[in-house]
Amino acid sequence: DGGITQSPKYLFRKEGQNVTLSCEQNLNHDAMYWYRQDPGQGLRLIYYSQIVNDFQKGDIAEGYSVSREKKESFPLTVTSAQKNPTAFYLCASSIVGTTEAFFGQGTRLTVV
Amino acid sequence: EDQVTQSPEALRLQEGESSSLNCSYTVSGLRGLFWYRQDPGKGPEFLFTLYSAGEEKEKERLKATLTKKESFLHITAPKPEDSATYLCAVQNYGQNFVFGPGTRLSVLP
């Protein structure tokens, strides 16, 4: 089945630690995105990539980093510089152009 | 700056009570408008894409319409399983998606 897989589903992090969220897609999509969702707010764009080895910052990139070494994979690292990392993180992919984005099931990150 | 607002923030309906959700947008150049359904703790599920004013799309009890400034998601005779948060998003010419905060729909049996 084609789709987007995010792992883990739940993640706990101690303050001061970096953590990496995984996102893999087998839809052959060129574009991939990371969003953050907080209660009562819309999805906010962290980073996006439209081609391998290239990515751009979104609206809230501070404290986050990404890589795009393979078309299928777009991991997100939440660094210790992110002051309020507890949130629901969503990865999405799309064909470049005017098409819908498809989402993974999300990773809920909690700082303990 | 591209913006999407949705109203109401929350909506409670009785089963069978039809209603509409609103999505208002300002965008520098509209490539497409998208509706998603999101269940608690899950990723958004794609429903519709609309590209130009006057366009309509239907799926079961849902119908989406588009004007130059807003989109409506009409829900006809809803059932409890339609309870979810409905998200609206626009795609600009930079090919980024801008999402609204969503409307939380509850359908009571």
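Here are the numbers for the structure shown:
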| item | result |
| --- | --- |
| Protein accessible surface hidden between B and A, which excludes ligands and nucleic acids, total in Å², probe 1.4 Å | 1700 |
| Inter-chain shielding of A:43-53 (mean C-beta neighbours from other protein chains, 10 Å cut-off) | 2 |
| For chain A, convex hull volume per residue from C-alpha positions, Å³ | 98 |
| Tally of Lys pairs whose C-alpha atoms are under 23 Å apart, taken over the stretch B:3-93, 8 or more apart or cross-chain | 10 |
| Dipole magnitude of the stretch B:1-53, debye to nearest 20 (Cβ charges: Lys/Arg +1, Asp/Glu -1, about Cα centre) | 120 |
| Accessible area of chain B belonging to carbon and sulfur atoms, whole % at 1.4 Å probe | 47 |
| Peptide-level mean, for B:89-101, of C-beta atoms on other protein chains within 10 Å | 5 |
| Calculated P(r) tail over 22 Å for the stretch B:3-93, as whole % of Cα pairs | 23 |
| Alpha-carbon spread of the stretch B:58-109, three principal axes, descending order, Å | 43, 19, 16 |
| Fraction of the pair-distance distribution of the protein assembly as shown above 28 Å, Cα-Cα pairs, percent | 30 |
| Summed side-chain charge close to A:ASN28 - residues other than A:ASN28 whose Cβ falls under 10 Å, Lys, Arg +1, Asp, Glu -1 | -1 |
| Under 5 Å, built H, 5+ apart or other chain: amide partners of A:GLY3 | A:ASN26, A:LEU27 |
| Environment charge of B:LEU108, counting only residues whose C-beta is closer than 10 Å and scoring Lys/Arg +1, Asp/Glu -1 | -1 |
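The values are calculated or read from the model by the stated rules, or taken from the named source; none is laboratory data. Just so it is clear, the structure is predicted and the values come from calculations on it, not from any experiment. Because the Cβ atoms are built from the backbone with ideal geometry, glycine has one as well, and the counts that use them run over all protein chains shown. Quick note on the areas: whole protein, heavy atoms, side chains included, nothing else; ligands and nucleic acids left out. Shrake-Rupley method; radii C 1.70, N 1.55, O 1.52, S 1.80 Å.
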